[in-house]
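Worksheet: one structure, shown below.
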Amino acid sequence: MSSSRVGLRLAACLLNISEARRKYVVENIAKAALLDKNGKKHPQVSVLNIFSNQDYNRSVITIAASVDKLGSSVLAACLEAFQAIDMEVQEGIHPCLGAVDLIPIYPLSGVTVEECGVVARSKRKFGVICSFLLETIFAN
């Protein structure tokens, strides 16, 4: 049985941050995605993976959640990254645009590419630049 038949509507974000050398900073950013405003864990949000490259000084945090919760979880992680990563002292061989420089959102189950685009675009009003790579692929 597919998960969409049981009502799961899941999407994922591969949040790219400009930090890898300070593990505690990366972990705090990932934790921010998991917690609500009251500090309680979101039951519909998971961090699936954290990949860090020391030379690039860059990490990718894979966040999966119901499509309704993903945007707020990613926003919380971005806000933590903006506070924790000082771009004036950040060094790495990978070029970066900022503390957070790529926020692709992908459908996993029961969600369309268009719905992921809505989530990505909805966060622009908060000053978070959302990059939605699949939208570019489907536009061509």
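At-a-glance table
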item	result
Answer from Asn38, Asn16 - the residue that is part of a strand (DSSP E or B) and either basic (Lys, Arg) or at negative phi (or both)	Asn16
Among (1) in contact (Cβ under 8 Å) with a residue 12 or more places away in the chain; (2) under 16 Å from His94 (Cβ atoms) - the single one Phe51 does not satisfy	(1)
Subset of the range 111-139 that is open to solvent by 40 Å² or more (accessible area, probe 1.4 Å) and part of a loop (DSSP other than H, G, I, E, B) - its residue that is modelled with the lowest pLDDT	Ile129
Subset tally (residues that are part of a helix (DSSP H, G or I), over 24 Å from Thr112 (Cα atoms) and touching a residue at least 40 places away in the same chain (Cβ under 8 Å)) for the range 58-102	4
Test result for Val60, open to solvent by less than 40 Å² (accessible area, probe 1.4 Å) and over 14 Å from Leu75 (Cα atoms)	yes
Leu79 open to solvent by 30 Å² or more (accessible area, probe 1.4 Å), under 18 Å from Arg9 (Cβ atoms) and among the hydrophobic types (A, V, I, L, M, F, W, C)	no
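The values are calculated or read from the model by the stated rules, or taken from the named source; none is laboratory data. Being a predicted model, the structure only gives us computed values, none of them experimental. So basically every Cβ, Gly included, is an ideal-geometry build from the backbone, and we count neighbours across all protein chains shown. SASA here: full protein model, heavy atoms, side chains in, ligands and nucleic acids out. Shrake-Rupley method; radii C 1.70, N 1.55, O 1.52, S 1.80 Å.
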